[in-house]
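Reviewing the structure listed below.
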There are 2 protein chains.
Amino acid sequence: MNTEELVELGRQLRVDSVRSAAAAGSGHPTSSMSAADLMAVLLANHLHYDFERPDHPGNDRFILSKGHASPLLYSAYKAAGVVDDEELLTFRRLGSRLEGHPTPRRLPWIETATGSLGQGLPVGVGIALAGKRLDRAAYRVWVLCGDSELAEGSVWEAAEHAGHEHLDNLIAVLDVNRLGQRGPTRHGHDLDAWARRFEAFGWHTVQVDGHDVDAVDRAYREAAVTRGRPTAVIARTLKGRGVADAEDREGLHGKPLQDSDGAVAELGGAGTLRVRVQEPPPTRSLHTVGTGQVELPRWKPGEQVATRDAFGRALAALGTARGEVVALDGEVGDSTRAEAFAKEHPERYFECYIAEQQMVAAAVGMATRGWLPYAVTFAAFLTRAYDFVRMASVSGSGINLVGSHAGVAIGRDGPSQMGLEDLAMMRAVHGSTVLYPCDANQTAQLVAATADLDGIRYLRTSRGGSEVLYGPDEEFPVGGCKVLRSSGRDRMTVVAAGVTVPEALAAADALDQEGIQVRVIDLYSVKPVDAATLRGAAEDTGCLLTVEDHHPEGGLGDAVLDAFTDGRPVPRLVRLAVRTMPGSAAPDEQLHAAGIDAESIAVAGRLLVEEAVVP
Amino acid sequence: MNTEELVELGRQLRVDSVRSAAAAGSGHPTSSMSAADLMAVLLANHLHYDFERPDHPGNDRFILSKGHASPLLYSAYKAAGVVDDEELLTFRRLGSRLEGHPTPRRLPWIETATGSLGQGLPVGVGIALAGKRLDRAAYRVWVLCGDSELAEGSVWEAAEHAGHEHLDNLIAVLDVNRLGQRGPTRHGHDLDAWARRFEAFGWHTVQVDGHDVDAVDRAYREAAVTRGRPTAVIARTLKGRGVADAEDREGLHGKPLQDSDGAVAELGGAGTLRVRVQEPPPTRSLHTVGTGQVELPRWKPGEQVATRDAFGRALAALGTARGEVVALDGEVGDSTRAEAFAKEHPERYFECYIAEQQMVAAAVGMATRGWLPYAVTFAAFLTRAYDFVRMASVSGSGINLVGSHAGVAIGRDGPSQMGLEDLAMMRAVHGSTVLYPCDANQTAQLVAATADLDGIRYLRTSRGGSEVLYGPDEEFPVGGCKVLRSSGRDRMTVVAAGVTVPEALAAADALDQEGIQVRVIDLYSVKPVDAATLRGAAEDTGCLLTVEDHHPEGGLGDAVLDAFTDGRPVPRLVRLAVRTMPGSAAPDEQLHAAGIDAESIAVAGRLLVEEAVVP
């Protein structure tokens, strides 16, 4: 498009942004208007994208990191001819594809859900990494960021990662409109401030008037030919641009314009421009889904193996069978054992350094390109990325998260390193799967199982060695459990998982010697739970005792109760969990101090079968 | 101390680091050795600190952000004469004050728990802000950081905040030993790389050989006299410094030295230096605890008020009564209504921009100085700071977190803005309190109540207006609940909180017309729960129905079950919660779609009283 057409397109995008927000009675027209010219030039002259084939391997990728500017995005879709005016005006209504903040659950052209700020660039880094190292395709990744969101540390994790990896296929377009939600940003229109920061992290920068379409066009061209570095196009813009009552004014964030009709008139009325977006180049997809059978590692019952070790070896084996598997780790691969994958598949291993937000975001980005990511760190440190996990779920992203060093069982390192909230955190994520194996063969089987699930899959592993309980051919369906002890005379059921399984077995032995028969269930699938088996155990034995290396809230105990919250009779229940703040101690001392070892289980079990209350 | 003594002190700190890790059989001696000279010079010549009075208002503050180097910290305490050699060798043992990673729960000289990397500097920013703007004292805040942890985005949130606030009382000492846990860091010994980054964020930087004690001494002096900017002392060091087999070698992270006795001998044997740490200057504490009665805002029953509005006004009132209350917000104060506090107490309001990690860390830092922080943003965005909340709990920190815009009830903005995991996340934090008011007077009372609690206090507020149900003099003890409907013929109990309380009342009305009497409980205190009242309701009515604007895991339903997990008989129970991924829609459409509105409650309630299973 020439200058005149670009100006007209920017105008039309503003008009449609104003109209859609007016129709909805809410939304962010002023934030859309500042970026309209930036979007117009990108759509018309730079983006290569086949809207008919959003999965085209050569498509450029666009992320609206400032997701609240969704009216602009939908207006661009209208200009591209894939959303009509009628649909545009359904913005934010029940059932509309045009949500308040864009999500790929609804629209095929959206890479990732945004709306939690500072996430678009890290996800873009993940896609750009995939482009360089996995797809080896020429596509570019364009990320439109607001200036307010640059306060998020995740943006600088992304900046560091992109600079260090020389991601010249990544272009951040910064819409510096100087106004945040409740007032001016830290740096206002000081474009140099942003340039200094991005340059310090190894980026090329171009400063531009974001309403001069020719200058923007040149800036994008410069970004496209820059080699060896990502580029930040830093654009001076005005919020509410083009409408005198709104332009560069405070107090108008996140509201339809007061006089929308007047604004549309002032902007020149509705437009009818249609953009012919450039086709992507013919591109071969390197992404192959392996068909080979996974040759999982095998251990003999009785061996001592840590589940983290089993995880590492199983992931490496999965990677051999399936070429789409990639692994990411937060600079602790020697501890999490992700390094086993790194050794066998270095080309599909991504060192994310100690930047868990970027790690999870990169996984989300790679998943958009069809790769199957496993992002791995200590369970405790996945808390750092919870907002990214939450948003991955909003995206409907399919990623695997693996948290090692779960619970007090890690021993002497102390509470900062102990995952004690991870089950609660991961269970609360919509559509998640939560798995917590207790032995090596089980771990390996579950690693293989996660590959074919949807949504967020979380696997919890343990630091210390434990006895292999199951044979290598035993199967562990997701949503199942294993009844390890059972008789017709069971007077209670102990439900354990991970490190508490051997404790439960030892307690059952001790109680058996006292004449109290105990059923023992290994609830390796914490979400979904095997409701049928739990209900059967409740009917058979009358009471349940859950024991977990986790805080009492949101973990195994609550998962068991999930089977009984539909109105059916509920068994009497005792929940053993970590109720104190642990210190440093040996693993067995920790389990004892927390009251989740065999002795504690036996004590509580005796009270429970006597129908006493357990203090 | 002169050069010779400083060298000797550094040597002694290394020796004691090696010895304590050897005694423990675990720990991080090599990470301690790289920073030993940096610590020696700081302790001997720069820190002003009265170990007898850790709460001295003039004390400098020291944070070991690289918390795994705890052997160095404890060795420094020994050199300062506050830990003896016998205690030093209890490192990492059960019951020892010397945990694997330092925590203020155990030792009075520690400001904040570290061990999750990248948190020390943000907390240091909070203390430095307190020093400048609240305490108005001359103390300095010294933060010793590792180079690996500079990959965390939270460090750059802190860098941005400190630069922008001109925190010249903050000094970051970067121990650039070039080796992370599993290998080289991104930038190795390229000190310029770090200097460029910190300078871009407005810091003064000094590069130095971290093993040249005179150079370090000069660098600290330069930092101390630098005005208007924080300083980063960027020190080139060697991991394992001083022991040939360990120095600058990979693969030795987090392990005692193989030949500890040999290493001690090579380092020159045990030392006996005692450091006389400089006294802090006489300082008057500005920190005053208000004694005035809080004059809370009052609303009339029947008024329509959003709980976020009530929160804002109540916090402002609390701030008037109590001078130690401070508020922080993540650039959404107009939405969360924290701006009501800002207007009345601008000197105690801290704009944290969109940097939730820094916001929570600043709250933790201010709390160390005796201030009473309220950190406020959307409930959804507190997930961004979960690791900081977790670590605040490890610290035993007393902070208030307020999350607005909870649940699907926000309406059209869509799932990215909806707090649907926040109750699970906050309940799982050790020692936390979780409150969820349903009306304005209740909100105000709970805001006042949080001021006198310990630990992490979380208050959940709602976006939309709701009818005031309670009179302004009604009391709402933490750990209590309100029985809103009750009769001798109740056949079930509905437990609701927040936006589902009016829905529950409407459902009870509908069921009453059908001859089904329903007890209704407003469970505003989600943690701790009022176990006695819930148990009484269970006994009286036989079954419970919980209804919450939150995902089913870890929220209100699980909180209610907390009252029944000690082996006592459990009532039949149905849990209504948000089980789908919401889109954009009006608030009432959202509640209906999620199955948590009055109609849904009535449908499920009918099934429950008929002893049917609720699908």
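See the values below:
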item	result
Close pairs from segment A:463-488: first farther than 19 Å from A:Leu453 by Cβ, partner assigned to a loop (DSSP other than H, G, I, E, B) and open to solvent by 50 Å² or more (accessible area, probe 1.4 Å), Cβ under 7 Å, at least 6 apart	A:Val468/A:Lys300; A:Val468/A:Pro301; A:Val468/A:Glu303; A:Leu469/A:Pro301; A:Tyr470/A:Pro301; A:Gly471/A:Pro301; A:Pro472/A:Arg298
Residue ID - farthest from the other protein chains (Cβ to nearest Cβ), chosen from residues in segment B:180-218 that are more than 21 Å from A:Gly202 (Cα to Cα) and aliphatic (A, V, I, L, M)	B:Val213
Output for segment B:344-357, where each listed residue is assigned to a helix (DSSP H, G or I) and open to solvent by less than 30 Å² (accessible area, probe 1.4 Å)	B:Arg348, B:Glu356, B:Gln357
Any hit, segment B:136-143, residues being among the hydroxyl-bearing types (Ser, Thr, Tyr) and under 27 Å from A:Thr383 (Cβ atoms)	no
Selection status of A:Ala406, over 21 Å from the mean Cα position of the chain (by Cα), at pLDDT 95 or above and closer than 17 Å to A:Asp522 by Cβ	no
Scan of segment B:76-93 for residues that are within 14 Å of chain A (Cβ to nearest Cβ) and either modelled with pLDDT under 95 or open to solvent by 10 Å² or more (accessible area, probe 1.4 Å) (or both), ordered by number	B:Glu87, B:Leu89, B:Thr90, B:Arg93
Inter-residue pairs, beta-carbon under 6 Å, first more than 9 Å from every other protein chain (Cβ to nearest Cβ) and at pLDDT below 95 and in segment B:601-615, second open to solvent by less than 20 Å² (accessible area, probe 1.4 Å) and outside any helix (DSSP H, G or I), 6+ apart	B:Val609/B:Met492; B:Val609/B:Ile516
Extreme residue, farthest from the other protein chains (Cβ to nearest Cβ), among residues of segment B:364-384 that are assigned to a helix (DSSP H, G or I) and under 20 Å from B:Asp334 (Cβ atoms)	B:Ala379
Filter pass, B:Thr533 being away from chain A (no Cβ under 14 Å) and β-branched (Val, Ile, Thr)	yes
Residues being under 29 Å from A:Glu589 (Cβ atoms) and crowded, with 17+ Cβ neighbours inside 10 Å - total across segment A:482-509	19
Any hit, segment B:171-194, residues being open to solvent by 10 Å² or more (accessible area, probe 1.4 Å) and of a type in the set (Gly, Ala, Ser)	yes
Out of A:Ala310, A:Ala340, A:Ala314, A:Ala306, sole residue that is aliphatic (A, V, I, L, M) and open to solvent by 20 Å² or more (accessible area, probe 1.4 Å)	A:Ala340
Residues (open to solvent by 10 Å² or more (accessible area, probe 1.4 Å) and either touching a Phe, Trp or Tyr at 6+ places or on another chain (Cβ under 9 Å) or more than 7 Å from chain B (Cβ to nearest Cβ) (or both)) located in segment A:572-584	A:Arg572, A:Leu576, A:Arg579, A:Thr580, A:Pro582
So B:Arg97, is it out of contact with any Pro (no Cβ under 6 Å at 6 or more places or on another chain) and modelled with pLDDT under 95	no
Scan of segment B:98-151 for residues that are in a loop (DSSP other than H, G, I, E, B) and of a type in the set (S, T, N, Q), ordered by number	B:Thr103, B:Thr112, B:Thr114, B:Ser116, B:Gln119
Residue tally, condition within 13 Å of another protein chain (Cβ to nearest Cβ) and closer than 20 Å to A:Leu38 by Cβ, over segment A:153-177	4
The one condition in (1) under 28 Å from the mean Cα position of the chain (by Cα); (2) assigned by TED's automatic domain parsing to the domain that holds B:Asn45 that B:Gly262 fails to fulfil	(1)
Single condition B:Gly398 does not satisfy, out of (1) out of contact with any Cys (no Cβ under 8 Å at 6 or more places or on another chain); (2) more than 9 Å from every other protein chain (Cβ to nearest Cβ); (3) touching a residue at least 60 places away in the same chain (Cβ under 8 Å)	(3)
Residue in segment B:514-530 that is in contact with a Leu (Cβ under 7 Å, 6 or more places away or on another chain), within 14 Å of chain A (Cβ to nearest Cβ) and open to solvent by 20 Å² or more (accessible area, probe 1.4 Å) present	yes
Verdict on A:Asp562 being open to solvent by 20 Å² or more (accessible area, probe 1.4 Å) and not aromatic (Phe, Trp, Tyr)	yes
Residue list for segment A:540-551, restricted to those being within 14 Å of chain B (Cβ to nearest Cβ), closer than 19 Å to A:Leu607 by Cα and either of a type outside the set (S, T, N, Q) or open to solvent by 10 Å² or more (accessible area, probe 1.4 Å) (or both)	A:Thr541, A:Gly542, A:Cys543, A:Leu544, A:Leu545, A:Val547, A:Glu548
Qualifying residue in segment A:530-550 (condition: of a type in the set (Lys, Arg) and closer than 23 Å to A:Phe311 by Cβ)	no
Helices (runs of 4 or more DSSP H) within segment A:505-615 that include 2 or more residues within 33 Å of the chain's Cα centre (by Cα)	A:531-541, A:556-561, A:587-594
Unique match (being out of contact with any Phe, Trp or Tyr (no Cβ under 6 Å at 6 or more places or on another chain) and within 14 Å of chain B (Cβ to nearest Cβ)) among A:Gly480, A:Gly471, A:Gly431, A:Gly465	A:Gly431
Which numbered condition A:Gln119 misses (of (1) out of contact with any Ser or Thr (no Cβ under 7 Å at 6 or more places or on another chain); (2) within 11 Å of another protein chain (Cβ to nearest Cβ))	(1)
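Here's the yes/no breakdown for (1) open to solvent by 10 Å² or more (accessible area, probe 1.4 Å); (2) within 14 Å of chain A (Cβ to nearest Cβ):
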{"residue": "B:Ser20", "(1), (2)": "no, yes"}
{"residue": "B:Ser34", "(1), (2)": "no, no"}
{"residue": "B:His56", "(1), (2)": "yes, no"}
{"residue": "B:Tyr74", "(1), (2)": "no, yes"}
{"residue": "B:Gly95", "(1), (2)": "yes, yes"}
{"residue": "B:Leu98", "(1), (2)": "no, yes"}
{"residue": "B:Arg105", "(1), (2)": "yes, yes"}
{"residue": "B:Thr114", "(1), (2)": "no, yes"}
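The values are calculated or read from the model by the stated rules, or taken from the named source; none is laboratory data. Here the structure is a predicted model, which is why all the values come from computation and not from measurement. No Cβ is skipped: glycine too gets one built from the backbone with ideal geometry, and neighbour counts run over all protein chains shown. Surface accessibility is based on the protein's heavy atoms, side chains included, excluding ligands, DNA and RNA. Shrake-Rupley method; radii C 1.70, N 1.55, O 1.52, S 1.80 Å.
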